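Shown next, in structure tokens, is the structure this report addresses.
The values are calculated or read from the model by the stated rules, or taken from the named source; none is laboratory data. Keep in mind that what you see is a predicted model, and the values were worked out from it rather than measured. As a convention, Cβ positions derive from the backbone with ideal geometry for all residues, glycine included, and neighbour counts pool all protein chains shown.
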Amino acid sequence: MSRTLRRFEVLPPLRFNDGSQVPDEFVADTLLELEERFGAVSCETATIRGQWRHEGQSYRDDLIRVFVDIADDPAHRAFFTEFQDRLKGRFGRLDHGWDGFSGGIHLNSSRLLQSSGSPGSGLLPLAVASGPRGVSEA
């Protein structure tokens, strides 16, 4: 029996726009919130570096990847759209006005196919969201 899952990724920053370090509790609260809501969360702590420009000012990002693989459900997509907005406030990020991209709060999603009945086994990517486009229907 197979069912479709969706991976939701959030890339929270390790530094605020002014360059100061984000408190560890901010990331911990994000992980805990997702674990409490969905029962599991994963985090890749390798630093993802980015650079972007807003109103003539150049910014650099140090990010980590936080993700959950959950049922492909419209309620989950709605949750992550709202969650992204809350994270902008938590991490004090500027909004570029680009769809799904807010200076370090990136939200991507992609469909996965679970090929067996056991959770987490045999995940095969069907489509991958390309770039920071918010919650995609990929």
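What the table below lists for this structure:
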quantity: Qualifying residue in the stretch 50-66 (condition: at pLDDT 55 or above, β-branched (Val, Ile, Thr) and not in a strand (DSSP E or B)); calculated: no
quantity: Residue that is modelled with the highest pLDDT, among those in the stretch 67-109 that are of a type in the set (Gly, Ala, Ser) and closer than 16 Å to Phe26 by Cβ; calculated: Gly89
quantity: In the stretch 5-44, the residues that are outside any loop (DSSP other than H, G, I, E, B) and farther than 24 Å from Arg77 by Cα; calculated: Arg15, Gln21, Asp24, Glu25
quantity: Residue match in the stretch 37-47 (condition: farther than 18 Å from Lys88 by Cα, crowded, with 17+ Cβ neighbours inside 10 Å and in contact (Cβ under 8 Å) with a residue 12 or more places away in the chain); calculated: yes
quantity: Filter result for Ala46 (aliphatic (A, V, I, L, M) and at pLDDT below 90); calculated: no
quantity: Candidate set from the stretch 1-17 (those that are modelled with pLDDT under 80 and out of contact with any Ser or Thr (no Cβ under 7 Å at 6 or more places or on another chain)); member that is surrounded by the most Cβ atoms within 10 Å (Cβ to Cβ); calculated: Asn17
